[in-house]
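Peer 1: Have a look at the structure that comes next, please.
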Amino acid sequence: MSSSDNTHPLVKWIDERLPVFTFLNHELRDYPTPRNLNYWWSFGSIAGIVLVIMILTGVMLAMQYTAHVDYAFDSVERIMRDVNYGWLLRYLHVNGGSMFFIVIYIHLFRGLYFGSYKSPREILWGLGVIIFLLMMATAFMGYVLPWGQMSFWGATVITNLFSAIPLVGDSIVSWLWGGYSIDNPTLQRFYALHYLFPFLIFAVVFLHLVALHVSKSNNPLGIEAEGPQDSIPFHPYYTAKDFFGFGVFFLVFMGFVFYAPDFFGEPDNYIPANPLATPPHIVPEWYFLPFYAILRAVPDIEVFGYILITAKLAGVILMFGSILILFFLPWLDFSKVRSARFRPIFKQFFWIFFVDCLVLGWVGANPPEGFFVVLGRIGTAFYFAYFIIIIPLIAYFEKPRPLPESISAAVLGGKKGEDS
Amino acid sequence: MRGSLTLVLTLTCGLMAGLSLLAAPAAAAEMPEIESRSWSFDGIFGHFDRAAQQRGYQVYNEVCSGCHGLRLLTYRNLAALGYGEDDIKAFAAEYEVTDGPDDEGEMYQREALPSDHFVSPFANTQAARAANNGALPPDLSLMVKARKNGANYLYALLTGYGDAPDGGELPDGLYYNAAFPGHQIAMSAPLDDDAVEYTDGTPATVDQMASDVTTFLAWAASPEMEERKRLGLKVMLFLLVLTALLAAVKRKVWSRLH
């Protein structure tokens with residue numbers, strides 16, 4: 001019990017029976033953190049705040065929403081028009097979803113750039129990928145709930161993917177739908193799961209934090225903190241830094257909520273769902289666009305004129321593969337050096353990969369015709385080549401620049417870290 | 001890191017710009033170019049021009065409402081346009097709604113009340129199609145939010161009627177419209193000069209009516225907009241001050257380390 005400066009008898013009494021105060025002290029105050037973390041490291045705690053906002057606004061929206069095909073669209077409009085500050089709740093929740101993905105993508109690319117997935121943080125990374133997958137499922141089902149045109153047709157496209165599975169595909173689709181088409185049972189189960197999944201995310205985030213607090217944060221130099229001179233207590237240093245980050249983040253977030261609340265949305269979703277009228281272009285929410293491009297990238301794979309794998313099945317395999325491959329990254333990249341700062345070749349390819357993801361997103365937003373088909377295929381090929389071929393080759397051939405002796409030597413020894 | 005980041009972003013932007021030029025002709029063919037106009041409700045201080053809203057309501061009432069509903073609005077919502085309680089009661093009373101069952105278990109017709117939703121012109125989609133050559137006049141409650149670039153698009157559509165440019169023949173029941181995707185629309189030109197006689201004396205040109213009814217429908221789609229932007233200003237100012245203070249705290253705390 002090094003912790004308790006707070007010696008109030010009640011605090012002590014509780015702490016001896018349930019050591020919450022010791023725990024908080026240990027994990028949020030004294031918790032040793034590398035002294036050189038830059039602002040890219042703020043996005044983890046920002047993501048945590050967004051998750052809390054999403055759950056709070058979501059619970060309040062659930063009090064007013066009706067999960068029924070005849071009432072869902074109108075109940076959302078009732079929230080927008082008649083519920084006190086209902087428009088604020090809904091716009092916070094809708095834009096919060098987009099913000100969540102922006103923050104998570106930055107968090108993920110930060111991990112890629114600085115090698116945060118490498119030993120001993122493989123499980124920490126893997127838990128992060130699980131959170132990402134859960135987020136995608138939650139966001140997809142949430143987008144169905146307003147029961148607009150994109151809700152309905154997006155759900156149609158995505159659930160139909162499972163029909164590509166050989167033999168049992170169609171049965172799986174009917175099982176997901178709860179019938180022979182997307183209808184009321186589909187909407188109601190998506191609502192139930194959309195309410196459940198955030199709590200699963202919360203649980204995995206907790207594990208993510210446990211794993212983080214075992215191996216501690218990586219840092220821009222990618223070398224381990226060795227002694228007390230390399231670390232500083234989380235509070236007050238990183239609480240102060242993170243709170244400033246929250247301020248900047250909220251300025252951006254609230255800018256969208258109050259001044260461009262439909263910026264990330266599709267106008268078509270303000271048209272009530274109509275199973276008889278297909279919109280000209282069915283597009284998912286922006287954060288799925290790169291994966292949508294990968295889904296549509298491959299043609300039928302033929303051997304001697306016989307279709308071996310249909311384009312649909314190949315697309316589904318690649319789309320799920322594009323995320324699952326992240327689980328294997330810690331072993332595909334076996335270079336001992338973590339940070340791209342000391343990996344000249346890796347750094348170049350990292351940025352090409354980053355651009356590739358943007359290009360795939362752009363392809364996903366456009367109809368799969370002509371030029372976009374070619375670009376989508378090149379982009380998809382590079383995406384997988386990056387993980388399976390390029391990263392292992394770089395790990396093998398690259399000669400990394402010399403690493404600094406220690407964090408404190410690099411930060412304090414006249415040669416200050418660039419971003420610290 | 002910064003050097004290469006800038007380089008990559010520059011390259012990306014360049015690449016995207018170049019590629020979008022290649023892709024542009026395909027996109028332009030199906031979506032007509034829509035001209036941007038300035039609206040009273042644009043920008044962070046945007047508000048709905050009350051007089052334009054009232055004129056727009058008059059246009060909706062006398063022209064559009066023959067075919068298009070506004071089912072998400074209630075008559076009492078018209079208070080936001082500056083109408084008093086008695087005006088609103090009078091507007092509502094022009095319509096009949098089915099209510100009941102009464103004590104005898106019978107449904108009955110009564111005059112609409114301010115708390116009733118706008119009465120749609122047709123009882124159901126089938127009736128609407130039957131009366132309109134098979135075409136369905138969409139409800140206008142969310143029209144401005146349900147189209148890309150909604151307000152500008154709506155204005156361009158309402159003022160976009162004319163003869164097909166290359167003297168092309170259109171199928172029966174379809175009309176040429178420069179702003180409509182595909183240029184063939186089932187709605188005949190709804191506005192002619194002096195289609196309404198404005199109570200405030202404004203000359204009722206097609207442009208004027210199109211602009212007024214667009215303002216009215218922009219309000220109908222986002223009735224919360226004025227409150228949203230007013231609250232937003234307070235929130236943003238608060239956050240700016242808070243963030244500045246947090247920046248100062250961060251500097252102070254970290255100065256112990258350097």
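The values are calculated or read from the model by the stated rules, or taken from the named source; none is laboratory data. Model, not experiment: these values are computed from the prediction. When we count neighbours, we look across all protein chains shown, and the Cβ atoms used for this are built from the backbone with ideal geometry, even at glycine. Accessible surface is based on the protein model in full, side chains and every heavy atom, while ligands, DNA and RNA are left aside. Shrake-Rupley method; radii C 1.70, N 1.55, O 1.52, S 1.80 Å.
Peer 1: When chain A is treated as a GNM, springs tying every alpha-carbon pair under 10 Å, which of A:Ile307, A:Ile104, A:Ile391 comes out with the largest mean-square fluctuation?
Peer 2: Fluctuation is largest for A:Ile307.
Peer 1: Span-like helices, chain A: DSSP H, alpha-carbon axial extent 24 Å or more, mean Kyte-Doolittle 0.0 or greater, which ones?
Peer 2: Span-like helices here: A:43-62, A:86-113, A:122-144, A:184-215, A:239-259, A:311-332, A:344-364.
Peer 1: Mind checking the mean number of beta-carbon atoms from other chains within 10 Å of the Cβ atoms in B:69-75?
Peer 2: Average neighbour count from other chains, rounded to a whole number: 2.
Peer 1: Among A:Ile378, A:Ile394, what's the order by accessible area (1.4 angstrom probe), most exposed first?
Peer 2: The ranking, largest first, comes out as A:Ile378, A:Ile394.
Peer 1: Between the chain alone and the structure with every protein chain in place, find the residues of segment A:204-242 that drop at least 40 Å² of accessible area; heavy atoms, 1.4 Å probe.
Peer 2: Relative to the lone chain, where solvent access is computed with a 1.4 Å probe, segment A:204-242 loses at least 40 Å² at A:Tyr237, A:Ala240.
Peer 1: Take the alpha-carbon centre of segment A:165-233, take the same for segment A:333-367, and report the distance between them in whole Å.
Peer 2: About 23 Å separates the Cα centre of segment A:165-233 from the one of segment A:333-367.
Peer 1: Quick check for me: using +1 on Lys/Arg Cβ and -1 on Asp/Glu Cβ, what's the dipole size of segment A:34-152 about its Cα centre, in debye to the nearest 20?
Peer 2: Dipole size: approximately 560 debye.
Peer 1: Identify the residues of segment A:286-301 with backbone N under 20 Å of a label point that sits 7 angstrom from the Cα of A:Phe320 along the Cα-to-Cβ direction, or state none.
Peer 2: Counting only backbone N, you get A:288-301.
Peer 1: Could you work out, residue by residue across B:137-143, how many beta carbons of other chains sit within 10 Å of that residue's beta carbon, and then give the average as an integer?
Peer 2: Mean shielding count: 3.
Peer 1: Okay, moving on. Just by accessible area at a 1.4 angstrom probe, what is the order of B:Val119, A:Val337 from largest to smallest?
Peer 2: Largest accessible area first, the list is B:Val119, A:Val337.
Peer 1: Could you tell me the extents of segment A:339-420's C-alpha atoms along the three principal axes, largest first, rounded to whole Å?
Peer 2: Extents along the principal axes: 56, 28, 12 Å.
Peer 1: What are the residues of segment A:339-370 that lose 50 Å² or more of accessible area, with a 1.4 Å probe, going from their chain alone to all protein chains?
Peer 2: Relative to the lone chain, where solvent access is computed with a 1.4 Å probe, segment A:339-370 loses at least 50 Å² at A:Trp351, A:Val355, A:Trp362.
Peer 1: Please find, in a Gaussian network model of chain A (springs between Cα atoms separated by less than 10 Å), the residue of A:Lys12, A:Lys336, A:Lys312 whose mean-square fluctuation is greatest.
Peer 2: Judging by the Gaussian network model, the answer is A:Lys12.
Peer 1: When the helix-only estimate is applied to chain A (DSSP H runs of n ≥ 4, each -39,500 (n - 2.57), divided by the residue count), what is the mean residue ellipticity at 222 nm, nearest 500 deg cm²/dmol?
Peer 2: It lands at -19500 deg cm²/dmol.
Peer 1: Also, I was wondering about something else. Over chain B, with the other protein chains present, what is the accessible area per residue in square angstrom, probe 1.4 angstrom?
Peer 2: 56 Å²
Peer 1: Further question on the same structure: When chain A is modelled as a GNM with alpha-carbon springs shorter than 10 Å, which of A:Phe258, A:Phe109, A:Phe328 fluctuates the most?
Peer 2: Taking springs between Cα atoms under 10 Å, the residue moving most is A:Phe258.
Peer 1: B:Ala218: net charge of surrounding residues, Cβ under 14 Å, Lys/Arg +1, Asp/Glu -1, itself excluded?
Peer 2: +1
Peer 1: What FRET efficiency, computed as 1/(1 + (r/R0)^6) with R0 = 25 Å and r the Cβ-Cβ distance, is obtained for B:Val241 and A:Tyr105, rounded to the nearest 0.05?
Peer 2: 0.25
Peer 1: Could you put A:Cys357, B:Cys67 in order of accessible surface area, largest first, with the 1.4 Å probe and the full protein assembly present?
Peer 2: Output order, biggest surface exposure first: B:Cys67, A:Cys357.
Peer 1: Now for a separate question. Nearest 10 degrees, 0 to 90: what angle lies between the long axis of helix B:206-221 and the longest principal axis of chain B (Cα atoms)?
Peer 2: The angle comes out at about 70 degrees.
Peer 1: If I compute solvent accessible area with a 1.4 Å probe over the protein chains, what percent of it on the protein assembly as shown is carbon and sulfur?
Peer 2: 65 percent
Peer 1: Tell me what chain B gives for mean residue ellipticity at 222 nm when only DSSP H runs of n ≥ 4 count, each as -39,500 (n - 2.57), the sum divided by the residue total, rounded to 500 deg cm²/dmol.
Peer 2: Here the helix-only value at 222 nm equals -14500 deg cm²/dmol.
Peer 1: Over the protein assembly as shown, one equal point on each Cα, no solvent: what is log10 I(q)/I(0) by the Debye formula at q = 0.05 Å⁻¹?
Peer 2: -0.31
Peer 1: Using only Cα atoms, locate the centre of segment B:228-247 and the centre of segment B:28-63, then give the distance between them in Å, rounded to an integer.
Peer 2: 29 Å
Peer 1: Averaged over its residues, how many other protein chain Cβ atoms are within 10 Å of peptide A:81-90's Cβ atoms?
Peer 2: Mean shielding count: 3.
Peer 1: Would you mind working out the accessible area per residue for chain A, using a 1.4 Å probe, and quoting it in Å²?
Peer 2: Solvent-accessible surface per residue comes out at 46 Å².
Peer 1: May I pose another question? Helix B:50-62 sits at what angle to the longest principal axis of chain B, using alpha carbons and giving 0 to 90 degrees rounded to 10?
Peer 2: The two axes meet at around 40 degrees.
Peer 1: Further question on the same structure: May I ask you to evaluate 6.51 cos²θ - 1.76 cosθ + 1.60, the Karplus curve with θ = phi - 60°, for each residue of segment B:99-111 and list the ³J(HN,Hα) values in order in whole Hz, giving x for glycine and proline?
Peer 2: 10, x, x, 7, 4, 8, x, 9, 7, 9, 8, 9, 5
Peer 1: Determine the total buried accessible area between chain B and chain A, counting protein heavy atoms only with a 1.4 Å probe; round to the nearest 100 Å².
Peer 2: 4500 Å²
Peer 1: Once the piece of chain linking A:Phe202 and A:Ser171 is laid out straight, how much longer is it, given 0.36 nm per residue of separation minus the C-alpha distance between them?
Peer 2: Difference between extended and current length: 8.0 nm.
Peer 1: Just flag the GluC sites (Glu not before Pro) in segment B:148-232 sitting in loop per DSSP whose Cβ has no more than 14 other Cβ atoms within 10 Å.
Peer 2: B:Glu169, B:Glu197
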